[in-house]
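Shown next, in structure tokens, is the structure this report addresses.
Read the figures in this text as sums done on the coordinates, not as results from a lab. Bear in mind that the values here come from a model prediction, so they are computed numbers and not experimental data. Cβ sites come from the backbone with ideal geometry, for glycine too, and all protein chains shown count toward neighbours.
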Amino acid sequence: MDYLLWLATWRCNLSCIHCYTSRFKGCEEMPKQRVFSMIEEMADAGIEHLAITGGEPLVRQDIFEIIEHAHRVGVNTSLTTNATLLTRKAINTLKRFDVYVYVGVDGGTKEVHERIRGAGAWERLNKSLKALRAAGISFSTIFTITSENYHDVGNYVAFAAERGAVETLMIPVVPAGRADRKLVPTPKQLLEAVRIAEERCREGGYWTTVMCSPALKSVELSRVFVGSCRFSRSLDVDPSGNVLLCDTLDLVMTNLREKSVGEAAEEYLNHPLVIRLDRGELPKECESCQFASFCRGGCRARSLLMRGSLDVADPLCPMRLEVLSE
């Protein structure tokens, strides 16, 4: 396993319209001592990175104790946050334990960002980004591409570069939790967003990465890197300790309430569904595609949630819908 992705909590101080963890509302979260032992088991299993996300991890009162414990046992950490709860003390702690920070930014303007994240989020975001930069903490920004903000990608890239982000990341929304299908961009809108990002990055000598959409490998890009979860291994752990096939899907492979991290990793890798997706046949729509060896059918979570099956092509694939030629 390359890393463990931990949804530390479903709780949050914002109510973003695309939140996929809202579906865990009310679940019992793993207690601090189990999280401590989980981190120790990670170290024993040779898993060196803990990616902490949520919800908003900073609403957990024990989050910095957890980060300190990870540091103590040699597990490095990253933190994904909306940045609105970052106090001076919090920033000093992140600096002390060398935590890499990912900040959710859903627009390059106040109007667009707050349309997604709510009134008041923009001012607090800017204040925190300024503080992170002043403290010398490396951070990247994450933009969830939706039908509401795809047009603002150029402003977003420029905003992140001006604020000192190492790079920008973009993820097309997956319709889970609070995010409904109306928020999912069309393939044309997604393609427009990526091409805008490419143009802005070329102009500024900058880089961006788009995740959860490997079908975009079919687009000619030089400043936008297309990533894929197919080339890394993670355990995606929900707030209550279930290990999921994907953090956007409620398909439980095993759990960390009864199993150690090592046991859960072995059970996950040997789960019939994981093996089938890793080694099984491509969706029929993808069999003749020249990008199939990289893409492998695209985001299967989006396929399941929008097309009802894990065995069909990503509905946002530009090749399947032939929008590249338009």
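Laid out as a table, the results:
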read-out: Output for segment 190-206, where each listed residue is under 20 Å from the mean Cα position of the chain (by Cα) and more than 16 Å from Gly108 (Cα to Cα); value: Leu190, Leu191
read-out: Enumeration of residues in segment 124-138 that are aliphatic (A, V, I, L, M) and assigned to a helix (DSSP H, G or I); value: Leu125, Leu129, Ala131, Leu132, Ala134, Ala135
read-out: Only listed residue being out of contact with any helix residue (DSSP H, G or I) (no Cβ under 8 Å at 6 or more places or on another chain) and not aromatic (Phe, Trp, Tyr), chosen from Leu190, Leu249, Leu221, Leu183; value: Leu183
read-out: Within segment 205-223, considering residues that are buried (at least 22 other Cβ atoms within 10 Å of the Cβ) and hydrophobic (A, V, I, L, M, F, W, C), the one nearest to Ser22 (Cα to Cα); value: Cys212
read-out: Enumeration of residues in segment 279-303 that are under 18 Å from Pro187 (Cβ atoms), touching a residue at least 12 places away in the same chain (Cβ under 8 Å) and aliphatic (A, V, I, L, M); value: Ala301
read-out: Residues (touching a Ser or Thr at 6+ places or on another chain (Cβ under 9 Å), in a helix (DSSP H, G or I) and either without any contact (Cβ under 8 Å) to a residue 24 or more places away in the chain or surrounded by fewer than 24 Cβ atoms within 10 Å (Cβ to Cβ) (or both)) located in segment 151-186; value: Asp152, Asn155, Phe159, Ala161, Arg163, Lys182, Leu183
read-out: Residue in segment 282-305 that is of a type in the set (S, T, N, Q) and buried (at least 21 other Cβ atoms within 10 Å of the Cβ) present; value: yes
read-out: The lone exception for Leu244 - which of (1) within 16 Å of the chain's Cα centre (by Cα); (2) in contact (Cβ under 8 Å) with a residue 24 or more places away in the chain; (3) crowded, with 19+ Cβ neighbours inside 10 Å it fails; value: (2)
read-out: Breaking point among (1) outside any helix (DSSP H, G or I); (2) on the phi < 0 side of the Ramachandran plot; (3) touching a helix residue (DSSP H, G or I) at 6+ places or on another chain (Cβ under 9 Å), for Tyr102; value: (3)
read-out: Residue among Ala51, Ala83, Ala121 that is at positive phi and within 20 Å of the chain's Cα centre (by Cα); value: Ala83
